[in-house]
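Below is one structure; the comments refer to it alone.
The values are calculated or read from the model by the stated rules, or taken from the named source; none is laboratory data. Being a predicted model, the structure only gives us computed values, none of them experimental. Glycine gets a Cβ as well: all are built from the backbone with ideal geometry, and neighbour counts include every protein chain shown.
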Amino acid sequence: MLRFISLTLLFLVVVTGGFLLILTRANGFTDPFYVRFTTPPQQNMIIGTSRSAQGIVPSSFKSILKKELFNYSFTAGHSPYGPIYLNSIKKKLDPSTKDGIFILSIDPWAISAGTGDPNSASEFLENDLMLANMETVNSNPNFEYLLQELKGNYHLTLFNSNTVTFLHQDGWLEVTIPMDSSSVAIRTIRKIKNYRTENLPNMKISQTRIDYLNQTIDFLKSYGKVYLVRLPIGEELLEIENEYSANFDDLMRASIERADGYLDLTKRDERFLFTDGNHLWKDSALEVSNIIAAWIGRGAK
Amino acid sequence: MLFNSLDFAVFLPIVFFLYWLIAKHNLRFQNILLLGASYYFYACWDWRFLFLLMFSTLLDYFTGLKMQDAEGKTTKRFWFWLSIIINLGFLGIFKYYNFFVESFAEGLSKLGWKVDVWTLNIILPVGISFYTFHGLSYVIDIYKERIKAERNFVDYAVFVSFFPLLVAGPIERATHLLPQIKRQRSFDYAKAVNGLRQILWGLFKKIVIADNCAEFANIAFNSPDHYYGSTLVLGAVFFAFQIYGDFSGYSDIALGTARLFGIELLRNFAFPYFSRDIAEFWRRWHISLSSWFKDYLYIPLGGSKGGSWMRIRNTFIIFIVSGFWHGANWTFIVWGALNAVFIMPSIISNTNRSNLDIVAKNTALPSLKEFIQIIATFVLTVFAWIFFRAENLGHAVAYVSKIFSSSLFTVPEGSAFIGARVHPLGMLLLLTVFVFIEWLGRRNEYALESLGLSWNRIIRWSFYAVIALVTLLYSGKSEEFIYFQF
């Protein structure tokens, strides 16, 4: 009996050790979130949804602002403004930060909720998603994330044929997909359809989320300067967005007043490229990031 | 509680230690522990149905005793039919009521009569088909005086509820399992190691083979209109491996777990996809159910006595009933009937018992003739599985029609399966390795039973560790087993 137990335990220890060792191979190709939870606490952050995750490139800021920014944006599902995201930002922030730079990407969807009562934080969909479950956000390797969030897909740490997304160490999500006009048109049509049939009828502006955006600004202001940015999107998506929230700037007035600057890039004349009308193509993301960096470098406002 | 869940990974060692370390010298305590653990295991699904299981156990226990003690044949017959009617009544209500009512209404509507039917929103208690069949075989065996009624309630309840077999078999017989429950059991190292090996192989089959094949099969079956016939053939083949990996994987885990407690369960699978004809396939697939129907339905109907027509009739009856046992859907009935049609040539020509041994028993490879026979049998089986997997007959017919279109001869669309978590080529590689290991181990009860036993220990352990690692790499989702719905 003793032999059986000891040999079984030995086998389990070897296999578990091997398994954990394989998990440590996880990298930016494994999934679009993992790397963000493996870096040390950060002093300068980009906050927002997938628009900023793909659309703001931290490396652009280094040459202009001489600061290393970290993109801590996720998706509209995971990281709209609210208690879960604010709590996670608090964990990711280096408490010794003094002159930090924080870029908060804002748009109507990031302050909306698709639940019955849009102002009930207990009903927010992100309560059951990844950020809510993540206690540890600054550990490399981050076994908490790997074991919880890669369930059923641990093999991706070993065999990953994903060539579409790569999450950089600075948190930027680089997306490489075909950009010929027909591919872009197909994706854009799908995205527009999705926003028209899913978001437009089901989402409502949430005052609770706006309050949490303000709390996020107030919290980060004690560690540095906070800038609000509305990233550019395709014309059709902007039409839907304006239809949904024509008075967006009015809704954001209190937040804009709290912040150290607000840059609305939807009103500029430059022609940017989008992968699906909603997300900036990586070349345009670099351009936009340079514009934001130069704006901050000039003193913003 | 699923065998492939973290809960079970905690539950099993706890019960194992209590069983061998605390209750090791006390058979009564061991059996009470097994019963308690089994009821807890079942209650984890839905504690309300535990009462149904207990009622079914009590019913068969008491009717068994009443039949045993009955002085006249009439009394004995009364208790026998009482048990049969109540057992089948519960099965009928929970599993078949809506099917019969809806089919009746549909039949009437085709004749021009519209009727409003009263259907019930019934949840199917997990394992009801399995434990009902346990009880039925026990009651029938007592009635036929093959066995004596069990007087110890705990022992009988463990026979019905023993957790490894409770929810998806194998369907045990009192003659096989009860004596083991009543016998003093002592820890046997070799048996326990064998059990762990079988559990490991079962988990690999379920998590790596079945769950990954399921993704490919689901893509094909969810929208057959979108794909070439050749792609749908691949989808059906993936389903064939899914259901084999799923169900035989479950059986391996059940048998391996039982072995850890010193109990041998009936073998349920014997490498069915290496069969050379359909008759052999059915001697190797879900053996405990096939033999149950043979003993309790086919033989009482007259079996193969009484000429060819009798054999044909009885064969059709058991295959259709067997299909119906799987679920209240015409697809299962057609699946059963198709298998009856496929087996018919060997029944009529009396060659249904010509392949009793495993193929290539004394050689490394099959002969060309055997290979062709294996492929032909597999093709027939896959064809029948389409009906088993389809949502309804219309879906099955659409799927088959699309297969037999001109697109059958087009190269399958690999891109159709790109969304699955494993690359299609990776899946084919996994299946090749799997079939190779199964082939190497085909002479044993399960593939890993003695494979590698003659190797150097480090190599053998490394081999097991690789299997365990690959299983872990695909683990975490805890997908349900297909046969739980039956």
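This table checks each residue for (1) in a helix (DSSP H, G or I); (2) at pLDDT below 95.
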| position | (1), (2) |
| --- | --- |
| A:I64 | yes, yes |
| A:V137 | no, no |
| A:F159 | no, yes |
| A:S182 | yes, yes |
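Do you know which residues across segment A:154-178 are surrounded by fewer than 17 Cβ atoms within 10 Å (Cβ to Cβ) and facing chain B (nearest Cβ under 8 Å)?
A:L158, A:F159, A:S161 - these are the residues of segment A:154-178 that are surrounded by fewer than 17 Cβ atoms within 10 Å (Cβ to Cβ) and facing chain B (nearest Cβ under 8 Å).
With the condition kept exactly as written, say whether any residue in segment B:226-249 is over 30 Å from B:L408 (Cβ atoms) and crowded, with 20+ Cβ neighbours inside 10 Å.
To start, the set of residues in segment B:226-249 that are over 30 Å from B:L408 (Cβ atoms) comprises B:249.
Pick out the ones that are also crowded, with 20+ Cβ neighbours inside 10 Å and you get B:249.
So far as segment B:226-249 goes, yes, one or more of its residues are over 30 Å from B:L408 (Cβ atoms) and crowded, with 20+ Cβ neighbours inside 10 Å.
Among the numbered conditions (1) in contact with a Lys or Arg (Cβ under 7 Å, 6 or more places away or on another chain); (2) away from chain B (no Cβ under 14 Å); (3) more than 30 Å from A:A246 (Cβ to Cβ), tell me where A:E135 comes up short.
With (1) in contact with a Lys or Arg (Cβ under 7 Å, 6 or more places away or on another chain); (2) away from chain B (no Cβ under 14 Å); (3) more than 30 Å from A:A246 (Cβ to Cβ) applied to A:E135, the lone miss is (1).
I'd like to check something: does segment A:1-15 contain any residue that is within 10 Å of another protein chain (Cβ to nearest Cβ) and of a type outside the set (A, V, I, L, M, F, W, C)?
Within segment A:1-15 (the criterion being within 10 Å of another protein chain (Cβ to nearest Cβ) and of a type outside the set (A, V, I, L, M, F, W, C)), the answer is yes, since at least one residue qualifies.
For segment B:127-155, which positions are closer than 14 Å to B:Q30 by Cα and either within 18 Å of the chain's Cα centre (by Cα) or not assigned by TED's automatic domain parsing to the domain that holds B:L65 (or both)?
none
Count, please, the residues in segment A:53-73 that happen to be touching a Gly at 6+ places or on another chain (Cβ under 9 Å) and more than 23 Å from A:L273 (Cβ to Cβ).
Matching residues across segment A:53-73 total 4.
Give me a count of the residues in segment B:450-484 that are within 20 Å of the chain's Cα centre (by Cα) and away from chain A (no Cβ under 14 Å).
Looking only at segment B:450-484, we keep the residues that are within 20 Å of the chain's Cα centre (by Cα), and these are B:478-484.
Subsequent filtering for residues that are away from chain A (no Cβ under 14 Å) retains B:481-484.
Of the residues in segment B:450-484, 4 are within 20 Å of the chain's Cα centre (by Cα) and away from chain A (no Cβ under 14 Å).
Taking the condition at pLDDT 90 or above, of a type outside the set (F, W, Y), surrounded by fewer than 14 Cβ atoms within 10 Å (Cβ to Cβ) and in contact with a helix residue (DSSP H, G or I) (Cβ under 9 Å, 6 or more places away or on another chain), does A:E126 pass? Step through it out loud before you land on a result.
Numbers: at pLDDT 90 or above: yes; of a type outside the set (F, W, Y): yes; surrounded by fewer than 14 Cβ atoms within 10 Å (Cβ to Cβ): no; in contact with a helix residue (DSSP H, G or I) (Cβ under 9 Å, 6 or more places away or on another chain): yes.
Taking the combined requirement at face value, the residue does not satisfy it.
Going through segment A:138-153 one residue at a time, which ones are within 9 Å of chain B (Cβ to nearest Cβ) and acidic (D, E)?
Correct list: empty.
Could you identify the single residue in B:R421, B:R457, B:R442, B:R389 that is basic (K, R) and loosely packed, with under 15 Cβ neighbours inside 10 Å?
Numbers: B:R421 fails: loosely packed, with under 15 Cβ neighbours inside 10 Å; B:R442 fails: loosely packed, with under 15 Cβ neighbours inside 10 Å; B:R389 fails: loosely packed, with under 15 Cβ neighbours inside 10 Å.
When all the criteria are applied, what remains is B:R457.
Can you confirm whether segment A:17-26 contains a residue that is surrounded by fewer than 20 Cβ atoms within 10 Å (Cβ to Cβ), in a loop (DSSP other than H, G, I, E, B) and more than 14 Å from chain B (Cβ to nearest Cβ)?
Looking through segment A:17-26, none of the residues is surrounded by fewer than 20 Cβ atoms within 10 Å (Cβ to Cβ), in a loop (DSSP other than H, G, I, E, B) and more than 14 Å from chain B (Cβ to nearest Cβ).
Every residue, every condition in (1) within 14 Å of another protein chain (Cβ to nearest Cβ); (2) over 23 Å from B:L27 (Cβ atoms); (3) assigned to a loop (DSSP other than H, G, I, E, B), yes or no:
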residue: B:A157; (1), (2), (3): no, no, no
residue: B:A192; (1), (2), (3): yes, no, no
residue: B:R197; (1), (2), (3): yes, yes, no
residue: B:L200; (1), (2), (3): yes, yes, no
residue: B:F204; (1), (2), (3): yes, yes, no
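Kindly indicate the residue of segment B:445-480 that is small (G, A, S) and closer than 25 Å to B:A214 by Cα and also modelled with the lowest pLDDT among those meeting that condition. First the steps, then the outcome.
Pass one, segment B:445-480, residues small (G, A, S): B:447, B:450, B:452, B:454, B:462, B:465, B:468, B:475-476, B:478.
Still in the running and closer than 25 Å to B:A214 by Cα: B:447, B:465, B:468, B:475-476, B:478.
On the way: B:A447: 94, B:A465: 96, B:A468: 97, B:S475: 90, B:G476: 84, B:S478: 73.
Applying the filter and picking the extreme gives B:S478.
Could you list, in sequence order, the residues of segment B:208-241 that are outside any helix (DSSP H, G or I) and in contact with a helix residue (DSSP H, G or I) (Cβ under 8 Å, 6 or more places away or on another chain)? Write out each step before concluding.
The first filter runs over segment B:208-241 and keeps only residues outside any helix (DSSP H, G or I), leaving B:223, B:227-228.
Scanning segment B:208-241 gives B:Y227, B:Y228.
One line per residue, one yes/no per condition, for (1) closer than 15 Å to B:E438 by Cβ; (2) of a type in the set (S, T, N, Q):
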{"site": "B:N194", "(1), (2)": "no, yes"}
{"site": "B:Q198", "(1), (2)": "yes, yes"}
{"site": "B:G229", "(1), (2)": "no, no"}
{"site": "B:L232", "(1), (2)": "no, no"}
{"site": "B:F238", "(1), (2)": "no, no"}
{"site": "B:A254", "(1), (2)": "no, no"}
{"site": "B:G262", "(1), (2)": "no, no"}
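Please note which helices (runs of 4 or more DSSP H) are completely contained in segment B:1-78 and include at least 1 residues that are within 14 Å of chain A (Cβ to nearest Cβ) and out of contact with any Cys (no Cβ under 7 Å at 6 or more places or on another chain).
On the way: elements: B:6-17, B:27-46, B:48-69.
Filter on segment B:1-78 gives B:6-17.
Could you grab me the full set of residues in segment A:30-48 that are under 11 Å from the mean Cα position of the chain (by Cα), in a loop (DSSP other than H, G, I, E, B) and within 19 Å of A:E135 (Cα to Cα)?
So the first thing to find is which residues in segment A:30-48 are under 11 Å from the mean Cα position of the chain (by Cα), and the list is A:32-33, A:36, A:45-48.
Of the ones still in play, those that are also in a loop (DSSP other than H, G, I, E, B) are A:32-33, A:48.
Result: A:P32, A:F33.
Out of everything in segment A:88-105 that is over 15 Å from the mean Cα position of the chain (by Cα) and of a type in the set (S, T, N, Q), what residue ends up being nearest to A:R230 (Cα to Cα)?
Restricting to residues being over 15 Å from the mean Cα position of the chain (by Cα) and of a type in the set (S, T, N, Q), the top hit is A:T97.
Can you find, within segment B:63-88, the residue that is surrounded by the fewest Cβ atoms within 10 Å (Cβ to Cβ) among those that are among the polar types (S, T, N, Q) and in contact (Cβ under 8 Å) with a residue 40 or more places away in the chain?
First, pick out the residues of segment B:63-88 that are among the polar types (S, T, N, Q): B:63, B:68, B:74-75, B:83, B:87.
Narrowing further to those that are in contact (Cβ under 8 Å) with a residue 40 or more places away in the chain: B:63, B:68, B:83, B:87.
Values: B:T63: 26, B:Q68: 17, B:S83: 26, B:N87: 21.
Only one residue fits best here, namely B:Q68.
Here are some conditions: (1) part of a loop (DSSP other than H, G, I, E, B); (2) modelled with pLDDT of 95 or more; (3) acidic (D, E). B:E172 meets all but one. Which one does it not meet?
For B:E172, the exception is condition (2).
Report every pair of residues separated by at least 6 positions or lying on different chains whose Cβ atoms are under 9 Å apart, first residue within segment B:1-24 and among the basic types (K, R), second not in a loop (DSSP other than H, G, I, E, B).
B:K24/B:Q30
Within the group B:P179, B:P170, which residue is without any contact (Cβ under 8 Å) to a residue 12 or more places away in the chain and either in the same structural domain as B:V126 (by TED's automatic domain parsing) or surrounded by 18 or more Cβ atoms within 10 Å (Cβ to Cβ) (or both)?
Values: B:P170 fails: without any contact (Cβ under 8 Å) to a residue 12 or more places away in the chain.
It is B:P179.
Being basic (K, R) and touching a strand residue (DSSP E or B) at 6+ places or on another chain (Cβ under 7 Å) narrows it down to one residue among A:R230, A:R298, A:R268; which is it? Steps first, answer last, please.
Values: A:R298 fails: touching a strand residue (DSSP E or B) at 6+ places or on another chain (Cβ under 7 Å); A:R268 fails: touching a strand residue (DSSP E or B) at 6+ places or on another chain (Cβ under 7 Å).
After applying the criteria, what remains is A:R230.
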